[in-house]
Every structure is written in C-alpha cells, then in structure tokens.
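**Student:** Please see the structure below; I have some questions.
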Amino acid sequence: MDRLIKWIEFPPLGDDRGSLVALESDKSIPFNIKRIYYIFGTKQNITRGKHAHFSLKQVLLCVTGSCKILLDDGDVRESVILNSPTKGLLIESFVWREMSQFSSDCVLLVVASEHYDESDYIRDYDKFKRQVKS
Ligand code: TYD
C-alpha cells in the first residue's frame, strides 16, 4: 500500500450549467478545517514549501492549472502531478513537501487542519530527518 500518496476524489456536482465541488469539514475533507489559503501567480522555476509540520494536516488541489508535489516521510520520496479540481492530495503531519513546476495559470488551494502557526513548521531538512527517526 502507498503510505505517502493519498488521493481524495471530490465528485463534481455537475449539471448543464457546469461543475461545482463542495469541500466539507470532517466529510470530504478528513479533518476539521481551520484555514484555507491559495497560491497563485507563482513565477517560473520556483520551488515552494520545503518544510514539514509537527501536527498540521493539509489537502492540496489545483483549482486550475497544475504543479508538482514532492513528498518525503524521511524514508520514501515520491512525486505526483496535481492537475485536477476534483482530486486532492492529503498530506499528513511529519511529511516533508516541496511544490514546483507551477503552470502560469496554477491556483493551488490548500485546506488546513490548523490555524497558521510558525512553531508547527520544521523548515530544516536535517532536523526533519532527526525528528522522524526519534
Ligand atoms: P511560506 O510558508 O513560505 O509558503 P510556502 O510553504 O507555500 O512556500 O509562507 C509565505 C509567507 O506567508 C510567510 O511569510 C508566512 C505567511 N503565511 C501566513 O501568514 N499564513 C499562512 O496561512 C501561510 C501558509 C503563510
């Protein structure tokens, strides 16, 4: 079983006007939603993220466009392409993430289980590796 790459499908509620996706706390999103943010207008050849979290969980999805997500649990490293508004990637705590290859139209939506808290970040990769081993 794939430990790292956890997809969540969001079935679109479509009719002849188009499509709609609803994200609900503790339902389609498997945690209590405390924060939503989105990343857009990312310049070429930029890598974002480069951190892990002690307790934060997130679901990432591209509302438009695409980007690449690298995940690393200190043991396994895997990359996936996010390119669908109906398919989210669940990132658990203690997973290092890097986002790159943003298309110019990419809007990366992030649904988070906690409010913003800098003390929850592990921004140093060596520290992350030590934390996951302990
Ligand atoms: P940063 O953590 O560098 O973004 P990323 O992990 O996507 O590369 O965040 C950029 C800036 O925005 C930084 O100054 C922290 C701030 N920020 C908030 O104030 N609230 C938030 O919810 C997030 C995600 C970032």
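**Student:** In the chain, what percent of the accessible surface is made up of carbon and sulfur (1.4 Å probe, ligands and nucleic acids excluded)?
**Tutor:** On the way: 3910 of 7850 Å².
Exposed carbon and sulfur together represent 50 percent of the surface.
**Student:** Another one. Send over the semi-axes of the chain's equivalent ellipsoid, whole angstrom and largest first, taken as the square roots of 5 times the C-alpha gyration tensor eigenvalues.
**Tutor:** 25, 17, 14
**Student:** Work out, in µm²/s and without decimals, the Stokes-Einstein translational diffusion coefficient of region 58-133 at 4 °C, 1.567 mPa s, Rh from Kirkwood over C-alpha pairs.
**Tutor:** On the way: Rh = 13.3 Å.
Rounded to a whole number, D works out at 97 µm²/s.
**Student:** Based on alpha-carbon centroids, what's the gap between region 97-134 and region 1-71 in Å, whole number please?
**Tutor:** For region 97-134 versus region 1-71, the Cα centre distance is 13 Å.
**Student:** Not counting the cut sites, what is the longest span of the chain without trypsin sites (Lys or Arg not before Pro) that DSSP labels loop and that have at most 10 other Cβ atoms within 10 Å?
**Tutor:** On the way: sites that count: Arg17, Lys27, Lys43.
Answer - 44-134.
**Student:** Compute the accessible area per residue over the chain, keeping the other protein chains in place, probe 1.4 Å, unit Å². Could the numbers behind the result be given before it?
**Tutor:** Numbers: 7850 Å² over 134 residues.
For the chain, the solvent-accessible area averages 59 Å² per residue.
**Student:** Okay, helix-only estimate at 222 nm for the chain: each DSSP H run of n ≥ 4 adds -39500 (n - 2.57), divide by all residues, round to 500 deg cm²/dmol; what do you get? Before the final figure, lay out each step's value.
**Tutor:** Details: 1 runs with 9 residues, N = 134.
So the calculated ellipticity at 222 nm is -2000 deg cm²/dmol.
**Student:** Starting from 0 in steps of 5 Å, tell me what percent of the Cα-Cα pairs of region 8-67 lands in each bin.
**Tutor:** The percentages, shortest bin first, are 4, 11, 21, 22, 20, 14, 7, 3, 0.
**Student:** Under 18 Å Cα to Cα from Lys87, which lysines show up? Leave out anything in the same chain fewer than 8 places away.
**Tutor:** Lys6, Lys27, Lys57, Lys68
**Student:** Let me check something: with ligands and nucleic acids excluded, how do Glu118, Glu92 order by accessible area (1.4 Å probe), largest to smallest?
**Tutor:** Details: Glu118 80, Glu92 55 Å².
Ranking Glu118, Glu92 by accessible area, largest first, yields Glu118, Glu92.
The values are calculated or read from the model by the stated rules, or taken from the named source; none is laboratory data. Because the structure is predicted, anything quoted here is derived from the model rather than measured. Here Cβ is always computed from backbone atoms with ideal geometry, including for glycine, and neighbour counts include all displayed protein chains. Calculation scope for accessible area: heavy atoms of the full protein, side chains included, ligands and nucleic acids excluded. Shrake-Rupley method; radii C 1.70, N 1.55, O 1.52, S 1.80 Å.
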